[in-house]
Amino acid sequence: MLSCKQITKQYGNLQVLKGVDLEIAKGEIVSLVGSSGAGKSTLLHILGTLDEADAGQVLLNNVQVDKLKGNALAAFRNKHIGFVFQFHHLLPEFTALENVCIPGWLGNKKKKEVETRAMELLAMLGLKERMHNKPSELSGGEQQRVAVARALINNPDIIMADEPTGNLDSTHARELHQLFFDLRKQFNQTFLIVTHNEELAAQCDRTVHMKDGRIVAGVN
Ligand code: ADP
Ligand code: ADP
């Protein structure tokens, strides 16, 4: 479903990625671990089309995404990839419901259809009573679930999460991971999760270990 071949990336004199190959199958929940500076975020950003590699290929559902540019790239990313970050990046002036709707409205879908799906997702994630609240009125765990609903709004092929539990206590962190597994069960949703949480990483289907810009274990 997602694969990359021989990805390299250099910042100044620093070779951050030194030829990374990875394949992820539909419905897989893969964790990406390694010490700070190993290149995890850089790889995630390249796989998520947020950043460009110096060389190598990224294929998502047989589309060579490194060939896409500009508006076509932005539209592809919005439709096919969902993101969840450590700090949820919800827009503070919009309600939870509006935050979830925005990526849907950016696509070509009807306003009302997007809203109906957003409400269903928020209800499914236990946020039915909170959907008209602004992010600042929600707890950290609630905010992160809104971010997950937002990531799901366009039925993405994959959700990429960068330290999604980094800002949560251990109870909420476990709940968030449980939610990922529930979503896999329900929608066969695929996940790639960068995490420092060893307990949660170990529960994933597969753990990919990075060290100094290379994958050293868990490639397939
Ligand atoms: P990790 O996520 O494993 O901690 P990163 O991918 O964030 O690793 O970073 C790998 C290395 O690349 C680090 O040394 C980091 O400082 C450096 N780096 C990341 N992004 C940039 C950038 N935009 N410019 C310069 N150096 C960067
Ligand atoms: P994470 O905690 O997820 O590894 P970082 O805090 O390392 O993320 O990086 C956050 C952002 O800053 C990323 O977009 C990364 O590319 C960029 N970045 C990281 N290190 C550097 C650096 N040394 N110089 C410039 N940008 C960097």
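The values are calculated or read from the model by the stated rules, or taken from the named source; none is laboratory data. All figures in this text were calculated on a predicted structure; none of them were measured in a lab. Cβ sites come from the backbone with ideal geometry, for glycine too, and all protein chains shown count toward neighbours. Heavy atoms of the whole protein, side chains included, go into the accessibility calculation; ligands, DNA and RNA do not. Shrake-Rupley method; radii C 1.70, N 1.55, O 1.52, S 1.80 Å.
Structure above, values below:
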| quantity | calculated |
| --- | --- |
| Candidate set: the stretch 38-60, residues that are more than 9 Å from ligand 1 (Cβ to nearest atom) and in a loop (DSSP other than H, G, I, E, B); chosen: the one farthest from residue 80 (Cα to Cα) | 54 |
| Selection status of residue 114, free of Cβ contacts under 8 Å to residues at least 60 places away in the same chain, closer than 25 Å to residue 42 by Cα and of a type in the set (A, V, I, L, M, F, W, C) | no |
| Single condition residue 160 does not satisfy, out of (1) away from ligand 2 (no atom under 16 Å from the Cβ); (2) at pLDDT 95 or above | (1) |
| Selection from the stretch 174-203 of residues that are buried (at least 16 other Cβ atoms within 10 Å of the Cβ) and of a type in the set (Gly, Ala, Ser) | 201 |
| Of all residues in the stretch 81-93 being within 16 Å of ligand 1 (Cβ to nearest atom) and part of a loop (DSSP other than H, G, I, E, B), the one that is surrounded by the fewest Cβ atoms within 10 Å (Cβ to Cβ) | 87 |
| Complete set of residues in the stretch 72-94 that are within 19 Å of residue 45 (Cβ to Cβ) and among the charged types (D, E, K, R) | 77, 79 |
| Residue in the stretch 138-146 that is open to solvent by 10 Å² or more (accessible area, probe 1.4 Å), assigned to a loop (DSSP other than H, G, I, E, B) and of a type in the set (Asp, Glu) present | no |
| Qualifying residue in the stretch 125-138 (condition: within 21 Å of residue 77 (Cβ to Cβ) and free of Cβ contacts under 8 Å to residues at least 40 places away in the same chain) | no |
| Hits in the stretch 82-104 - residues which are within 16 Å of ligand 2 (Cβ to nearest atom) and β-branched (Val, Ile, Thr) | 84 |
| Looking only at the stretch 6-37, and only at residues there that are touching a Cys at 6+ places or on another chain (Cβ under 9 Å) and outside any loop (DSSP other than H, G, I, E, B), the one that is farthest from ligand 2 (Cβ to nearest atom) | 23 |
| Hits in the stretch 42-80 (condition: open to solvent by less than 50 Å² (accessible area, probe 1.4 Å) and within 16 Å of ligand 2 (Cβ to nearest atom)) | 42, 43, 44, 46, 47, 48, 49, 51, 53 |
